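Beneath this line is the structure, given in structure tokens, with notes to follow.
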Amino acid sequence: MKEIEMNASIINTTPEDLDPVNFLLGKVNEDRTDKCLDSEDQPCIRLAKDPNRQLYRLYDRDGKVSLRARSYLRNLYRYHRPTLHLSDKDLALAVDYIAEDAYQGGRERTAAVVKKDGDYNFEAVCVFANSLTRSGAAPGLGNRLLDAVARLTTDDRLRHTLTVESDGATLTLKLRTADLWAVVNSSDIEAQVRADKGTLCKALNYFSRRLDDLGYQFRKVGLEVTVTHRDTGSWTTLVRRDDVFCPDPTVLVRPDGPVPSASALSSGDNMNGGKGLQATDDNCIATDPVVSTPAV
């Protein structure tokens with residue numbers, strides 16, 4: 001009698017119910033989870049529902065299933081099967097299948113895991129953002145560096161704009177990526193950055209790509225950095241949220257003057273004083289043909 005009941009139970013059970021791996025893979029596809037490789041050719045999943053960071057690697061540096069991938073897959077399985085749990089063996093097997101889909105899913109331009117420690121590009125942008133002051137206040141280092149860049153062109157289309165929201169909580173700067181590259185390369189910014197200036201990208205297109213890669217790291221300190229392309233070249237929008245903006249304490253380590261602040265008065269506007277960018281063929285960027293880059 002028990003054998004008959006067991007056979008009836010098996011007959012009434014779908015194949016997916018008998019195979020947790022296939023069941024889970026089906027739910028991952030229903031969830032429209034993208035699978036792809038990042039810029040370092042590591043298999044990843046993209047979770048569009050996550051509010052900030054969305055691209056995650058499937059494996060950590062030790063080759064084990066990453067924390068975010070494990071959490072997502074276990075939670076997805078648990079949601080559709082409230083009384084069951086996904087075993088480690090089934091989880092690992094499912095991730096292997098998802099990784100194979102990732103290799104077939106195309107390649108992203110950004111890296112899922114981006115290091116900011118010791119990166120001049122990241123630290124210099126944080127210093128620059130911190131040194132901007134609002135209208136009506138004494139011009140900060142960033143404002144004066146921007147003015148120095150603006151004096152190099154008479155084309156109003158290439159000038160930066162600096163605005164503040166009505167509630168005063170958000171400062172927004174829009175400028176050419178080439179101008180941002182020139183500003184962070186200045187000796188005034190360099191004086192307040194610990195990272196080796198040799199890590200500053202030596203070509204504008206690489207600098208632009210690095211800003212994209214560091215997007216999540218910028219958001220963690222209260223900055224939104226977005227790179228877009230216009231008829232006049234590559235532009236960067238930098239949004240500083242003053243209610244949460246808090247630059248990494250390791251950034252502002254060498255003040256330019258007696259006051260230990262990035263907004264302290266500098267020794268002067270010297271857009272040609274940077275020594276980090278050597279003149280090479282890579283510096284001739286076709287995206288900004290109107291005005292030469294003062295950093296080089």
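The values are calculated or read from the model by the stated rules, or taken from the named source; none is laboratory data. All values reported here derive from a predicted model rather than from experimental measurement. Because the Cβ atoms are built from the backbone with ideal geometry, glycine has one as well, and the counts that use them run over all protein chains shown. The accessibility values were calculated without ligands, DNA or RNA, using every heavy atom of the protein model including side chains. Shrake-Rupley method; radii C 1.70, N 1.55, O 1.52, S 1.80 Å.
Data table
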quantity: Per-residue HN-Hα couplings for the stretch 119-130 [Karplus 6.51, -1.76, 1.60; θ = phi - 60°; Hz; x = Gly/Pro]; calculated: 9, 5, 4, 5, 5, 5, 5, 5, 4, 4, 4, 5
quantity: Long-range amide H partners of ASP38 with built H, under 5 Å; calculated: CYS44, GLU108
quantity: Per-selection metrics, the stretch 159-249 (Cα): Rg and Dmax in Å; calculated: 13.5, 40
quantity: Where the stretch 98-158 is the region considered: accessible area per residue in Å², 1.4 Å probe; calculated: 47 Å²
quantity: Sulfur and carbon atoms: percent of accessible area, the stretch 25-64 [1.4 Å]; calculated: 39 percent
quantity: Percent carbon-and-sulfur accessible area, the stretch 98-158, ignoring ligands, DNA and RNA, probe 1.4 Å; calculated: 48 percent
quantity: By average C-beta atoms within 10 angstrom, highest first, the peptides 181-192, 83-94, 211-222; calculated: 181-192, 211-222, 83-94
quantity: Solvent accessible area, Å² - ARG78, 1.4 Å probe, full protein context; calculated: 100 Å²
quantity: Formal net charge of residues neighbouring ARG53 (Cβ-Cβ distance under 11 Å; K, R +1; D, E -1); calculated: +3
quantity: Solvent-accessible area, 1.4 Å probe, carbon plus sulfur percent, for the stretch 159-249; calculated: 45 percent
quantity: Total formal charge among the other residues, if their Cβ is under 9 angstrom from that of GLY215, Lys/Arg +1 and Asp/Glu -1; calculated: -1
quantity: Total formal charge among the other residues, if their Cβ is under 14 angstrom from that of HIS85, Lys/Arg +1 and Asp/Glu -1; calculated: +3
quantity: Estimated D of the stretch 98-158 in µm² per second, where Rh is the Kirkwood radius over Cα pairs and Stokes-Einstein applies at 10 °C, 1.306 mPa s; calculated: 102 µm²/s
quantity: P(r) weight above 17 Å for the stretch 35-126, C-alpha pairs, percent; calculated: 55 percent
quantity: For the stretch 159-249, accessible area per residue (1.4 Å probe, heavy atoms of protein chains only), Å²; calculated: 41 Å²
quantity: Cα centroid separation - the stretch 20-51 against the stretch 141-166, whole Å; calculated: 42 Å
quantity: Two-site label geometry, GLN54 and THR228: point separation in nm, points 7 Å out along Cα→Cβ; calculated: 1.7 nm
quantity: Rounded to whole Hz, the Karplus (6.51, -1.76, 1.60) HN-Hα couplings of the stretch 163-175, x for glycine and proline; calculated: 10, 10, 5, 4, 7, x, 8, 9, 10, 10, 10, 10, 8
